[in-house]
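The values are calculated or read from the model by the stated rules, or taken from the named source; none is laboratory data. No experiment lies behind these values; they were computed from the predicted model shown. Cβ placement follows ideal geometry from the backbone for every residue including glycine, while neighbour counts extend to all protein chains displayed.
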Ligand code: UDX
């Protein structure tokens, strides 16, 4: 049993803290946000993540998991301190490091014995050293020792608990093998592969992994755009490519592009890091541009399919950046919905979980519906932005009968083309031939 403090109860901090307590450690999760801590103490989870509520409840009840705003006390009572604070995108696109630095200062001020400081936040290369300097500069007791380790996070929202409890690998970066071994031992119950490296390389692995996955997505989206022009089907192209074990089939699903808390932020941040380091990472900049454009490609399809959006009733299915989360960060809906309103459409939105968070992010004037059928009722067109299970399994016969015009623009390639043809939908997806296309569209693409 280890005594761990996790600073920051955001997505990563909360999930990691809960999982570390689940494997038998005593964990204190800290945050400066008093309201959030009070809610967590009452068992209210500020984010939607399947299984997290039960996990937190179980471990809080077993007196292994605690929540506090008293960061100093928590640091003093622990021997491993995880920094899991946010590193949001600043206006320049760089990671905003102010929360990491204030956590390091606090750790320095409360260093009352040897501790291992582990950084889980996604930080620019060199931050580990900076954290070390800040702690050193703020130490009250000169002879206290500490070690710094980088242990980046690879959780996916929506499956974060499973990703943590049976993680692919744990990356442990440090210049002190003893400290690295303690963190490796902490991971033993997760039965995962451990990869030891230095601090800087561990920090780089996180950026390199996320931007590589983002590159795969932009790559397949670019291929999808060509497929549309040459009459190929990207689903088959992707499946065929994925059979090559050197390529792999994952993250080759074409669609409206990536969103979320990591890919947009980390791709921008690495582009900045490389600029600063004197290398023009053109490939990555193009990945970012391709992703931004992809949303407008879907938007254009939507407008063309209904011959202009002014006065049209548009059902928007899915608002979150991906299924099984209420996270709206960089969600395609944040681009599409305001654009629909701007072009004079009436927006009828459905999301099984994210409507409340969407209401805070989207402009007023959007009509929200609890049931998918209500949103599509009387709609001129329907656009799919998130592949929720309730969307993928919707009753197509019923939907067709409810819509004023059975036109679906699918930004997530949820449906089989033959099925859509059979149900009589005019169906436009990404990188696949259109189905039951109106005469107007057929002429515009020169078939
Ligand atoms: C990602 C990484 O997977 C995770 O390792 C990291 O720690 C945080 O960022 P997450 O953002 O939760 O996790 O979601 P993920 O499932 O990776 O999807 C990211 C985005 O890419 C979503 O918008 C998703 O819709 C999109 N995506 C994913 C595609 O468009 N196509 C794909 O083939 C896969």
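Only one of (1) modelled with pLDDT of 95 or more; (2) more than 9 Å from the ligand (Cβ to nearest atom); (3) part of a helix (DSSP H, G or I); (4) more than 16 Å from the chain's Cα centre (by Cα) fails for residue 267. Which number is that? Every listed condition holds for residue 267 apart from (4).
Taken over region 347-369, the criterion of being under 16 Å from residue 383 (Cα atoms) and surrounded by fewer than 18 Cβ atoms within 10 Å (Cβ to Cβ) is satisfied by 367, 369.
Inside region 245-264, residues that are outside any loop (DSSP other than H, G, I, E, B) and near the ligand (Cβ under 7 Å from one of its atoms) make up a count of 1. When 21, 16 are checked against the criterion of being touching a helix residue (DSSP H, G or I) at 6+ places or on another chain (Cβ under 6 Å) and modelled with pLDDT of 95 or more, a single residue qualifies: 21. For region 249-292, the tally of residues that are over 24 Å from residue 238 (Cβ atoms), out of contact with any helix residue (DSSP H, G or I) (no Cβ under 8 Å at 6 or more places or on another chain) and touching a residue at least 40 places away in the same chain (Cβ under 8 Å) stands at 2. Scanning region 121-161 for residues that are within 13 Å of the ligand (Cβ to nearest atom) and free of Cβ contacts under 8 Å to residues at least 24 places away in the same chain gives a single hit, 156.
This table checks each residue for (1) assigned by TED's automatic domain parsing to the domain that holds residue 10; (2) more than 26 Å from the chain's Cα centre (by Cα); (3) surrounded by 21 or more Cβ atoms within 10 Å (Cβ to Cβ); (4) over 22 Å from residue 404 (Cβ atoms).
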position	(1), (2), (3), (4)
299	no, no, yes, no
302	no, no, yes, no
327	no, no, yes, yes
334	no, no, no, yes
337	no, no, yes, no
340	no, no, yes, no
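Within region 48-66, one or more residues are within 16 Å of the ligand (Cβ to nearest atom), closer than 30 Å to residue 125 by Cβ, within 22 Å of the chain's Cα centre (by Cα) and modelled with pLDDT under 95. Of all residues in region 59-73, exactly one satisfies the criterion of being closer than 15 Å to residue 9 by Cα, assigned to a helix (DSSP H, G or I) and touching a residue at least 40 places away in the same chain (Cβ under 8 Å), namely 71. Residue count for region 25-67, restricted to those that are under 26 Å from residue 185 (Cα atoms), surrounded by fewer than 17 Cβ atoms within 10 Å (Cβ to Cβ) and touching a helix residue (DSSP H, G or I) at 6+ places or on another chain (Cβ under 6 Å): 1.
For residue 171, the conditions (1) in a strand (DSSP E or B); (2) in contact (Cβ under 8 Å) with a residue 40 or more places away in the chain are fulfilled apart from (2). All conditions in (1) within 11 Å of the ligand (Cβ to nearest atom); (2) closer than 25 Å to residue 4 by Cβ hold for residue 194, with the sole exception of (1). Of the helices (runs of 4 or more DSSP H) lying entirely inside region 275-384, those carrying at least 2 residues that are within 16 Å of the ligand (Cβ to nearest atom) and within 18 Å of residue 430 (Cβ to Cβ) are 282-306, 333-342.
With respect to being closer than 26 Å to residue 335 by Cβ and more than 15 Å from the ligand (Cβ to nearest atom), residue 228 fits the description.
Filtered by the rule that a residue be farther than 27 Å from residue 166 by Cβ and part of a helix (DSSP H, G or I), region 16-38 gives 34, 35, 36, 37, 38. The residues of region 82-115 that are in contact with a helix residue (DSSP H, G or I) (Cβ under 6 Å, 6 or more places away or on another chain) and not in a helix (DSSP H, G or I), listed by number, are 83, 84, 85, 86, 89, 93, 94, 95, 110, 112.
Consider residue 185 carefully, then state whether it is assigned to a helix (DSSP H, G or I) and either in contact with a helix residue (DSSP H, G or I) (Cβ under 8 Å, 6 or more places away or on another chain) or under 26 Å from residue 100 (Cβ atoms) (or both). Answer is yes for this residue.
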